[in-house]
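Heads up: the structure comes next, in structure tokens.
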Amino acid sequence: MISHPLPPERSAAGKSARTRTPRASHGEWRPGEDRRDVVELLEEQAKTRIPELVPIRYGRMLASASTFYRGGAAIMAMDLADTPQSGLPVQLCGDAHLSNFGVFAAPDRSLVFDLNDFDETHPGPWEWDVKRLAASFAIAGRDRGFTSKEGRAAVLKSVESYRTAMREFAGQGNLEIWYARLSTDDIFRQMQGLVSADRLKQAEKNVGKAKHKNSMRAFDRLSHLVDGERRIISDPPLIVPIEELLSGEEREGFVGWMRDTLDRYRESLQGDRQKLLEGYRYVDLARKVVGVGSVGTRAWIVMMTGRDNSDPLFLQCKEAEASVLEKYTEPSEFENHGERVVQGQWLMQAASDVMLGWLPVTGLDGVDRDFYVRQLWDGKHSIDVDALKPRGLTFYAQACGWTLARAHARSGDRIAISSYLGKGDAFDDAIADFAEAYADQNERDYAAVQDAVKVGRIEARSDVV
């Protein structure tokens, strides 16, 4: 039976957690003597991935300390497991670094800013997401050549924004939080007076381009005519059409299998969206390399058309493995990890892709795998962190902190968490200390993987972007 404690009880629970886990304790980070070798950890992940793509993953990770951090969710999950916890769980993103936030089109076609990657989503301590986000800003500041003061300002702003937003949400009703979202119009209003008119205009122009990043653009950019039929372009190893992977009867069998697979995916959609999908016919299929940490997992893009070639739909089917958090918390409640990703996304995002669904797959190799499905492009736009100046990074940190707090407030006890955080900056300072210490650790791990490449222990391809 679900219990419903009153706000004073929930607030008392948060304050009580301070005694159990002082806020200052979150500032500590020291690797244990038995800390696992990070190269070994990455090699273990590679065992279930497509072998020829694994060197691309390492190459992308080693582009900078920031990209290494992006691909190292499993490394930080291992480290976070030994950090202090207040005992107040939420639905975690599991990989809440600054590059996993961005702009995309909501179902009402307005552009919103939100978390946009949920491969590692899983219930756990809210502090884990906050620490991963804060450390990403510390690392980004270093990569950008900012002073330690400038980098720390961005880190502090991300945590302060999380704390103050959580206090705001603690005073709101449940439906208010469910409807809360950060639109690009909201962001531009907040930017006025903080940046020059020219920079604001450029930001609006860049985000405006996202409106045109849709299935029609994907159709133009990723397909071409072959003997009168549209086919997905070939750009190996990043995009490899099915006819280059398989031939003859084997290919025909795979295409038939994919059609059946799409039927099973359709069953995971709401009734109205099932009807929408029924209006599209399968055209072509290709394997695609995506992301940084995800490289090597199986990802497919499916091209479909509706009324005619002016009505395309591009879907991305991405393999979902167990969350890197699972071994440090509890097993997932979902048998299908694709469903785990989708359910976590629905819970944390203010608005989700109408085509978001999941399915189990038994591949032609006889191996059972889980996948989730979404539109390939739907107004998506990522902030170019490498172009941000110190003030811009701090503003971006504010937006990310608010967004993460809103996502956590939907599933966790926002009143207890807010009470634990308090009105002062004790927690902010502790997390800033942790972020700097963990940025040092990230640099050590980055160097260790670089050394592994130099001695030939692993192979990295830097020629594939």
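Structural remarks
- Each stretch of four or more DSSP H residues adds -39500 (n - 2.57); spread over every residue of the chain, this sum gives -15000 deg cm²/dmol at 222 nm.
- Convex hull volume of segment 362-465 per residue (C-alpha atoms, cubic angstrom): 253
- Heavy-atom surface analysis with a 1.4 Å probe gives segment 408-448 a carbon and sulfur content of 45 percent of its accessible area.
- Among beta bridges that DSSP assigns inside the chain, antiparallel share in %, nearest 5: 95
- Descending by average beta-carbon neighbour count within 10 Å, the peptides 343-354, 20-31 line up as 343-354, 20-31, the highest first.
- Cα gyration tensor, segment 307-356 - rounded (a/c under 1.5), prolate or oblate: prolate
- Residues of segment 399-417 with amide N under 13 Å of a point placed 7 Å along Cα→Cβ from LEU347: 407-413
- Whole-angstrom gap from segment 342-417 to segment 34-99, using each part's C-alpha centre: 17
- Computed about its Cα centre, the charge dipole of the chain is approximately 1600 debye, with only Lys, Arg, Asp and Glu carrying charge at their Cβ.
- Residue-normalised convex hull volume from the C-alpha trace of segment 5-116: 197 Å³ per residue.
- Taking all protein chains together and a 1.4 Å probe, the residues LEU246, LEU42, LEU175 rank LEU175, LEU246, LEU42 from largest to smallest accessible area.
- Cα convex hull of segment 159-285 - mean projected area over all directions, nm²: 13.7
- Ordering of 72-83, 141-152 by packing is 72-83, 141-152, highest average first (other Cβ atoms within 10 Å, averaged per residue).
- Charges were assigned to the Cβ only: +1 to each Lys and Arg, -1 to each Asp and Glu. The resulting dipole of segment 257-413 about its Cα centre is roughly 520 debye.
- The modelled label-to-label distance for the pair THR48/SER148, using points 7 Å beyond Cα in the direction of Cβ, is 4.0 nm.
- Highest mean first, the peptides 329-336, 430-437 sorted by other C-beta atoms within 10 Å per residue fall in the order 430-437, 329-336.
- For segment 30-49, the residues whose amide N sits under 17 Å from a probe point set 7 Å from the Cα of ASP451 along the beta carbon direction are 31-43.
- Largest-first ordering by accessible area, 1.4 Å probe, given options GLU127, GLU243: GLU243, GLU127
- Per residue, the accessible area of the chain comes to 45 Å², computed with a 1.4 Å probe over protein heavy atoms only.
- Label-point separation, ASP235 to SER462 (7 Å along Cα→Cβ), nm: 2.2
- Each of ASN116, PHE188, ALA106 was placed along the dipole of segment 105-194 (beta-carbon charges, centred on the mean Cα), and the one lying farthest toward the positive end is PHE188.
- Estimated dipole of segment 242-349 in Debye, rounded to 20 [Cβ of Lys and Arg +1, of Asp and Glu -1, Cα centre]: 300
- Using 0.36 nm per residue and subtracting the Cα-Cα separation, the extra length available between ARG109 and ASP311 on full extension is 71.0 nm.
- Extension gain, GLU28 back to SER382 (0.36 nm per residue minus Cα-Cα distance, nm): 124.3 nm
- Only helices reaching 15 angstrom along their own axis (Cα) with mean Kyte-Doolittle hydropathy no lower than -1.0 count here, and for the DSSP H runs of the chain these are 126-143, 148-170, 337-348, 390-409, 426-454.
- Projecting label points 7 angstrom from Cα along Cα→Cβ for LEU246 and ASP260 puts them 1.1 nm apart.
- For segment 406-451, the square roots a ≥ b ≥ c of the C-alpha gyration tensor eigenvalues yield an a/c of 1.5 or more together with a/b not exceeding b/c, which makes the shape oblate.
The values are calculated or read from the model by the stated rules, or taken from the named source; none is laboratory data. Being a predicted model, the structure only gives us computed values, none of them experimental. When we count neighbours, we look across all protein chains shown, and the Cβ atoms used for this are built from the backbone with ideal geometry, even at glycine. Accessible surface is based on the protein model in full, side chains and every heavy atom, while ligands, DNA and RNA are left aside. Shrake-Rupley method; radii C 1.70, N 1.55, O 1.52, S 1.80 Å.
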